[in-house]
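A short worksheet on the structure shown next.
Read-outs throughout are calculated quantities, based only on the coordinates presented, and are distinct from any laboratory measurement. Nothing here was measured: the structure is a model prediction, and the numbers come from that model. Cβ: placed from backbone, ideal geometry, glycine included. Neighbour counts: every protein chain shown.
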Amino acid sequence: MKQPLTLYGPEFSTYVRSVLLCCEEKDIDYNLQDITLKSKKLLNLNPFGRVPVMQDGDYVVYESAAICLYIDTQFQGPALTPTNTVDLVRMQQWISIANCYLDDIIVRNYLLEFAFPSGKTGAIDDDKINLALKLIPQYLATLDHYLSRADYFSGSRPGIADYLIIPMLHYLRKAPRAEELFEQHPIVSQYIKKMLERKSCIKILR
Ligand SMILES: N[C@@H](CCC(=O)N[C@@H](CS)C(=O)NCC(=O)O)C(=O)O
């Protein structure tokens, strides 16, 4: 019998959660192991020192979207990647946006700054927060506009881009000033509500 996949990373990480959501959607067995950031063990698995990392036998992969693609293509279950070019390209677009902009501003500048303040005396860096408060409304407006014409970031059903984005939005919904940030963006709010009703999200996004 095939061994369960091993996933390395802390359960609270948005990217680890993205991979867990894909595993849950495909209904596959996995073994989640926490790993110390910057440890030799992690650097041996991923020279960039980031989580998650996936191991299936001898096959080691890092970068969440790549791990999710492996899970999607190697296992039975609902497809997490659209087959038509228009939706596939859109999904890649949103994966890139999630990795380059949403993670940078929503997670690193905003959420992590409250959780682990980076100021010299352990204080919150107001410049980071102010930049985030300037950009997050613009990003949410873009998401809102896109979702006014599309059901999901991966096409007509949820896919890898959605599972990358929803953990970030879920945390942002609970962050300081969330009500103010989301009040102009009802379509994003409806999307979050719809995603959070999925069995996978109920289990992983607590
Ligand atoms: N592009 C990477 C990003 C992974 C990432 O940044 N993970 C965070 C946790 S959510 C991390 O490892 N942070 C540790 C660090 O920045 O040193 C992916 O898609 O997996």
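State the answer as a single residue: which of 164, 202, 147 lies farthest towards the positive end of the charge dipole of the stretch 102-206, with beta carbon charges of +1 for Lys and Arg and -1 for Asp and Glu, about the Cα centre. Positive-most Cα among the choices belongs to 202.
Pairs of lysine residues in the chain that meet both criteria, 8 or more places apart or on different chains and Cα atoms under 22 Å apart, total 15.
For the peptides 161-173, 116-128, 39-51, the ranking by packing is 161-173, 39-51, 116-128, with the highest mean count of neighbouring Cβ atoms within 10 Å listed first. Only helices enter this figure: runs of n ≥ 4 DSSP H residues, each worth -39500 (n - 2.57), summed and divided by the residues of the chain, yield -15000 deg cm²/dmol at 222 nm to the nearest 500.
Projecting the Cα atoms of 62, 76, 130 onto the charge dipole of the stretch 1-151 (Cβ charges, centred on the Cα centre) puts 130 farthest toward the positive pole. Taken about its Cα centre, the chain carries a charge dipole of roughly 200 debye when the Cβ of each Lys and Arg holds +1 and the Cβ of each Asp and Glu holds -1. Net charge of the neighbourhood of residue 137, taken over other residues with C-beta under 11 Å away and scored Lys/Arg +1, Asp/Glu -1, is -1.
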